[in-house]
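**Q** I have a structure here, written as structure tokens, and I will follow up with some questions on it.
The values are calculated or read from the model by the stated rules, or taken from the named source; none is laboratory data. Please read all numbers here as calculations on a predicted model, not as lab measurements. Cβ atoms come from the backbone with ideal geometry, glycine included; neighbour counts cover every protein chain shown.
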Ligand code: BDP
């Protein structure tokens, strides 16, 4: 071995031994492969990388591949222009290559021809994704197994939505402050912006909305647009487009136009000019995300216009620049007699077919608001003429912030795999949003980001997996939660087989455990009202009835749950008949959805053989016991994990246990007042009183 190579290996080794892992590198840890046979085998495959053209994205692809392979294989690998030959890995953009003919634009193939490996795609971005995939395969030991391997993304726009504000705070952010240092931009480019882009590109994310949907008009000022431009320049080499959330009243706020009516010619002109200005600064700007007439935000309804009128006005300003408007369907008029479940449907369903071709409607996964379990949103499958984008929430607003471990892939998949029956059996939500069911050109999946300035990006190290899983599922929703967990653990934490197994099991069970100790059997929206943390089922008064807890749980001496059948709000009627059948009968409704649709007598026997009260209260006890089990399991991972990560997660699990006890005691004692039944055996009655628990929750709520 040459002297240089020995020094290089020693440095790699020292690097991995000496530094405690602060989680910063996420799943992009290119440390020397520990499997020597594998390493040697891969080493023999690649001596250099060649790129056929010199575009920004292709250069990035080559640089990333070089960095990754050098780290993983412990040898230096040169990058050259040209086609190379044997032992040279070629990165090629070639729309006519037969290997990519049947793939979407960003798809790629990794093929071996004449003893040369190549990553080929129709687009630069596709090659970049191919390179990151190859690195993942090298790490997992699955690289270069087939002479031809290919992938094609199912969704066209795979985007993160940041709810970041101009002053650095993040709405519903639990991992520090905003990544974007607006004051320092555009002059100072924090290297972290680049690492953020790398992480996104590595899982196929190709679009980001930089600012909060409750948008400050300030982002559209010249002063801010040059800051946005600076970020766009960092993201461009990683194939990521920048979008902005806008404030619908911007013409009024920024330029004192007396109205923001979307049909007023002054307003139309204002947006046309503003949009042209944006594109003159950021030529590949993606477009706008809009929250309008929702939770106090301005919108077209302020002028008697519809959501489609508002969206189409913006769409026509964007069309000459190939921009998109993404209009959110998260609206719910305050109707004291209504059911919030039905509000968005009421507003949007009649507008199907009325949106411009460069407009998408972004719908949250469920009808209320990112609860730990929701039935799929009834709009999916009911607006066939409109491309519907999916909105998931990665940040754990209703899932215990960053002190609770909840792996969200099962939650996302549960929604994506739900059958809307829009065009018969198999019309899944996934097929609605990927555009295949109704032949839409555009498709999008958005995740409300969980990133922040914390060194490990997401506060809870395990929450990194939610960012990762979101990207992987937006790329290919057919991947299983288990596959994604397995690859994330191996890349981020450890490759020790037993430890991988333990962590994987914890991840896969974590969401159901959280549901059990917070909102079992389909209970929903009983969290603390101010910060959406902890339990506050006794909340009776708020600025709006549909912000209280009693509006949703409807507990009384007879039973528990919201009757959404024809005898109640009839929200069930918004779904296809097959879905109504599935959920409509309280005797047959799957238990996870029971209290979403039925007011069930406390004494009713459920399919488990227990009465509602016994099953409901037992779930809280089981949930707490499961958190204790998580703590025990975690202990076993200690010998095979970085100690900083081990200790941090251990601490967070202890907090989760304390919080689970609070949830359990608060909910069991509160609902017991209505059920008037003892705590089922073998469980013990909480030692604290309801008043004591109310005080604890008040502290959470910063009252
Ligand atoms: C709710 C959040 C609120 C958001 C809103 C939205 O509590 O902060 O602004 O969703 O999605 O979940 O617009």
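**Q** Could you please tell me which pairs satisfy a Cβ distance under 8 Å, a separation of 6+ or placement on different chains, a first residue in segment 67-91 that is more than 20 Å from residue 124 (Cβ to Cβ), and a second residue that is part of a strand (DSSP E or B)?
**A** Here the result reads 77/48; 77/49; 78/48; 78/49; 85/116; 86/116; 87/48; 87/116, each pair linking segment 67-91 to a residue that is part of a strand (DSSP E or B).
**Q** Only one of (1) out of contact with any helix residue (DSSP H, G or I) (no Cβ under 9 Å at 6 or more places or on another chain); (2) surrounded by 15 or more Cβ atoms within 10 Å (Cβ to Cβ) is not met by residue 50, so which one is it?
**A** The one condition residue 50 does not meet is (1).
**Q** Same structure, new question: Return yes or no: is residue 672 surrounded by fewer than 17 Cβ atoms within 10 Å (Cβ to Cβ) and on the phi < 0 side of the Ramachandran plot? So that I can check it myself, show each step before the final result.
**A** Values: surrounded by fewer than 17 Cβ atoms within 10 Å (Cβ to Cβ): no; on the phi < 0 side of the Ramachandran plot: yes.
Judged against the criteria, residue 672 is not a match.
**Q** Determine if segment 270-289 includes at least one residue that is closer than 18 Å to residue 324 by Cα and within 16 Å of the ligand (Cβ to nearest atom).
**A** Yes - at least one qualifying residue is present in segment 270-289.
**Q** Next question. For segment 216-241, give me each residue that is touching a strand residue (DSSP E or B) at 6+ places or on another chain (Cβ under 7 Å) and in a loop (DSSP other than H, G, I, E, B).
**A** 240
**Q** When you go through (1) surrounded by fewer than 17 Cβ atoms within 10 Å (Cβ to Cβ); (2) in contact with a helix residue (DSSP H, G or I) (Cβ under 9 Å, 6 or more places away or on another chain); (3) within 17 Å of residue 515 (Cα to Cα) one by one for residue 635, which number turns out not to apply?
**A** (3)
**Q** Inspect segment 250-265 for any residue being within 30 Å of the chain's Cα centre (by Cα) and surrounded by 19 or more Cβ atoms within 10 Å (Cβ to Cβ) and give the result as yes or no.
**A** So the first thing to find is which residues in segment 250-265 are within 30 Å of the chain's Cα centre (by Cα), and the list is 250.
Still in the list and also surrounded by 19 or more Cβ atoms within 10 Å (Cβ to Cβ): 250.
Looking for residues that are within 30 Å of the chain's Cα centre (by Cα) and surrounded by 19 or more Cβ atoms within 10 Å (Cβ to Cβ), one finds at least one in segment 250-265, hence yes.
**Q** Hey, can you tell me all the residues within segment 220-243 that are within 16 Å of the ligand (Cβ to nearest atom) and under 16 Å from residue 273 (Cβ atoms)? First the steps, then the outcome.
**A** Step one: list which residues in segment 220-243 are within 16 Å of the ligand (Cβ to nearest atom), which gives 243.
None - no residue of segment 220-243 is within 16 Å of the ligand (Cβ to nearest atom) and under 16 Å from residue 273 (Cβ atoms), so the list stays empty.
**Q** Residue by residue through segment 419-435, note down the ones that are touching a residue at least 40 places away in the same chain (Cβ under 8 Å) and within 17 Å of residue 155 (Cα to Cα).
**A** 427, 429, 430, 432, 433, 434, 435
**Q** Any residue that is over 15 Å from the mean Cα position of the chain (by Cα) and not in a loop (DSSP other than H, G, I, E, B) - is there at least one of those in segment 438-457?
**A** Among the residues of segment 438-457, not one is over 15 Å from the mean Cα position of the chain (by Cα) and not in a loop (DSSP other than H, G, I, E, B), which makes the answer no.
**Q** Pairs under 6 Å by beta carbon, first residue assigned by TED's automatic domain parsing to the domain that holds residue 358 in segment 319-336, partner part of a loop (DSSP other than H, G, I, E, B) and within 15 Å of the ligand (Cβ to nearest atom), six or more apart or different chains?
**A** 328/291; 330/294; 331/293; 331/294; 334/544
**Q** Continuing with the same structure: Please state which of the following conditions residue 244 fails to meet, knowing it meets all the rest: (1) assigned to a helix (DSSP H, G or I); (2) in contact (Cβ under 8 Å) with a residue 40 or more places away in the chain.
**A** The one condition residue 244 does not meet is (1).
**Q** Just one of 396, 385 is more than 11 Å from the ligand (Cβ to nearest atom) and within 13 Å of residue 511 (Cβ to Cβ); which is it? Outline the logic, then answer.
**A** Values: 385 fails: within 13 Å of residue 511 (Cβ to Cβ).
Step by step, each of 396, 385 is checked, and only 396 is more than 11 Å from the ligand (Cβ to nearest atom) and within 13 Å of residue 511 (Cβ to Cβ).
**Q** Going through segment 312-349 one residue at a time, which ones are buried (at least 20 other Cβ atoms within 10 Å of the Cβ), under 17 Å from residue 443 (Cα atoms) and more than 15 Å from the ligand (Cβ to nearest atom)?
**A** Passing the criteria: 315, 323, 324, 325.
**Q** On to the next question. Does residue 488 meet the test of being under 16 Å from the mean Cα position of the chain (by Cα) and part of a helix (DSSP H, G or I)?
**A** yes
**Q** Moving to a separate point now. Would you check if there is a residue in segment 29-36 being in contact with a strand residue (DSSP E or B) (Cβ under 7 Å, 6 or more places away or on another chain) and part of a helix (DSSP H, G or I)? Talk me through it step by step, then tell me what you get.
**A** Of all residues in segment 29-36, those in contact with a strand residue (DSSP E or B) (Cβ under 7 Å, 6 or more places away or on another chain) come to none.
No, segment 29-36 has no match at all.
**Q** Shifting gears a bit: For residue 467, only one of the following conditions fails: (1) over 16 Å from the mean Cα position of the chain (by Cα); (2) over 18 Å from residue 367 (Cα atoms). What is its number?
**A** The single condition residue 467 does not satisfy is (1).
**Q** Shifting gears a bit: Can you confirm whether residue 53 is assigned to a loop (DSSP other than H, G, I, E, B) and farther than 20 Å from residue 143 by Cβ?
**A** Details: assigned to a loop (DSSP other than H, G, I, E, B): yes; farther than 20 Å from residue 143 by Cβ: yes.
So residue 53 fits the description; yes.
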